[in-house]
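Please read the structure below before turning to the comments.
The values are calculated or read from the model by the stated rules, or taken from the named source; none is laboratory data. Being a predicted model, the structure only gives us computed values, none of them experimental. Heads up, the Cβs are rebuilt from the backbone with ideal geometry, glycines too, and the neighbour counts pull from every protein chain shown. The area values use the complete protein model at the heavy-atom level, side chains included, leaving out ligands, DNA and RNA. Shrake-Rupley method; radii C 1.70, N 1.55, O 1.52, S 1.80 Å.
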Amino acid sequence: MSQRLSRVSDVFIIGGGINGCGIARDAAGRGLSVALAEMNDIASATSSSSTKLFHGGLRYLEYFEFRLVREALVEREVLLRAMPHIAWPMRFVLPYHKDMRFESDTPTSRLLSVVMPWMKGRRPAWLIRLGLFLYDTLGGRKILPGTRTLDLRNSPEGAPLQPQFAKAYEYSDCWVEDSRLVSLNARDAAMRGAQIMTRTKVVSAQREDDLWRVETEDTETGSTKVHYARMLVNAGGPWVGDIIQTKLRSNSSDGVRLVRGSHIVTRKLFDHDKCYFFQGTDGRIIFAIPYETDFTLIGTTDAEHEDPSKAPECTPEERDYLLNFASQYFAKPVTKEQVVWSYSGVRPLYDDGASSATAATRDYTLKVDKAGGAPLLNIFGGKITTYRRLAEAAMDKITAELSVAKGNWTAGVTLPGGDFPVDGVSELVAELRRNYPFLTNAWALRLVRGYGTDVARILEGATGAEDLGRDFGATLTEAEVLWLMEHEFAKRAEDVVWRRSKLGLRLSKDEIAALDAWMATQREHMRQAAE
């Protein structure tokens, strides 16, 4: 087993989720030398397992988390402009009936139980409308339309629902391709000079004089390497606590609370492009979201998850909970036979002592540890919506320790492929089909939604589908896979079909296995060429 030494970096980041990659991009753009190690694929854990929404968090208003909600609401439009290919506005339909209830341990619920005890936990219409008014105004909307009231009788939005729901509120939030957001941040960071190392495990990290000495292991070859850095950032997500204890051997009292959120994907349940916001009799909420054209995404749950080393899975109990919850609203019950896929992620929340998983804060917490020499920054919690602001807050901490000339810069700077107007997807699809007539509309739209203006680089020179090389199925071609391997750190089939895309919903097991074998051969060719 060989061991090599690297140059000294300004910042070494542990973790290739959205927080780690967002910080890497921001730091590299300020002129810092950056190295990032991710033990699996980027976005392989929490950051590819979200509900895939850029949202302020309407329900967080019940916890009086006004700062978090406002920051997230402002960020929605900043991010829409930066990534119009992978994020877009979506309208949310909140059906109302008089028996809707709060979760019993929210501050709002406790307050109303004192001043309006006769409500017995129910959500009155005026309170929901007040919450939506705050939601519309806290963030200063410029792109997104405001709330309106819907008559569900004889409307497309009401057609799939039980007849008892005659009224709804419709408001705005946004969709985001979560794992693509991470890969584009990682790619942008690399283009700005960051060293992004996937499937590279941090074995140990310790202070040596004024530097961090970090030993990593390539999980595919077994080779090890020693890195030195002036500052260490622990963005390990669900493993942030484990890294503190076992890799850094720190005595920090800060802890992480792991909360599992599970989702199910069913065959398409309704024909419009709006999302449903459902409130349960237990006070919790779930979403039912149009997904990948032919499917519906339903989630999420909130359950304690004790061990980060145990891969999260949607349990049969969680699946049935989501099915029963949705069936309280849809006219036709949603059954387990309609489920085509499920996934689960673990949210690494800062342990604030909350009484339940649902009540634990979704805000982020950054802690600097300078005991014993070189500084360490531990990242707890956060939401995908506020990842860019978290990165700026992290850079404030890093700047306080290191000499950095450039200030905040990421607001208004597009991610790769995002240099076109927010409402420009249709025009880009039409242009793509004019330049490449062999593309179907669905194929062109998928490519634009994945790569934006970079599509032209993937298809460059092609006059027919055969010029794109091997067809792996579901419009996935050799040219696209090579792009993902060369520019977006994909190494295996699962990286391509479940994180860089969701084509795993359309490809057979044999097709995915064939893709994996082809990529293994291609990786070997690339390794030999690099030697």
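The largest-to-smallest principal axis extents of the Cα set in segment 295-350 are 39, 21, 19 Å.
For residue 215 and residue 246, the difference between the fully extended length at 0.36 nm per residue and the C-alpha to C-alpha distance is 9.8 nm. When both segment 463-531 and segment 190-258 are represented by their alpha-carbon centers, they are found 29 Å apart. Using a Förster distance of 41 angstrom, determine the FRET efficiency expected from the C-beta separation of residue 153 and residue 400, and round it to 0.05. Calculated transfer efficiency: 0.10.
The residues neighbouring residue 214, those whose beta-carbon lies less than 12 Å from its own, together hold a net charge of +3 under the Lys/Arg +1, Asp/Glu -1 convention. Based on alpha-carbon atoms, the Kirkwood radius and the radius of gyration of segment 264-411 give Rg/Rh equal to 1.09. Share of carbon and sulfur in the accessible area of segment 379-438 stands at 45%, probe radius 1.4 Å. For residue 516 and residue 126, what does the FRET efficiency come to when R0 = 45 Å and r is the distance between their Cβ atoms, rounded to the nearest 0.05? So, using R0 = 45 Å, E works out to roughly 0.20. Based on protein heavy atoms only, the chain ends up with 41 Å² per residue of surface accessible to a 1.4 Å probe. Each peptide in 199-208, 69-78 gets a packing score, the mean of other Cβ atoms within 10 Å over its residues, and the list from highest to lowest is 69-78, 199-208. Spatial offset of segment 283-356 relative to segment 161-185 amounts to 15 Å, using the alpha carbon center of each.
Summarising the overall dimensions of the chain from its C-alpha atoms, the Rg and Dmax are 23.4, 75 angstrom. Peptide packing: for 43-50, 396-403, 517-524, the average count of neighbouring Cβ atoms within 10 Å per residue gives the ranking 43-50, 396-403, 517-524, highest mean first. A compact globular protein would have a Cα radius of gyration near 2.2 N^0.38 Å; the ratio found for segment 393-531 is 1.28. The Rg/Rh ratio for segment 129-179 is 1.07, where Rg is the radius of gyration of the alpha carbons and Rh is the Kirkwood radius. For segment 261-347, with all protein chains in place and a probe radius of 1.4 Å, 49% of the accessible heavy-atom surface sits on carbon or sulfur.
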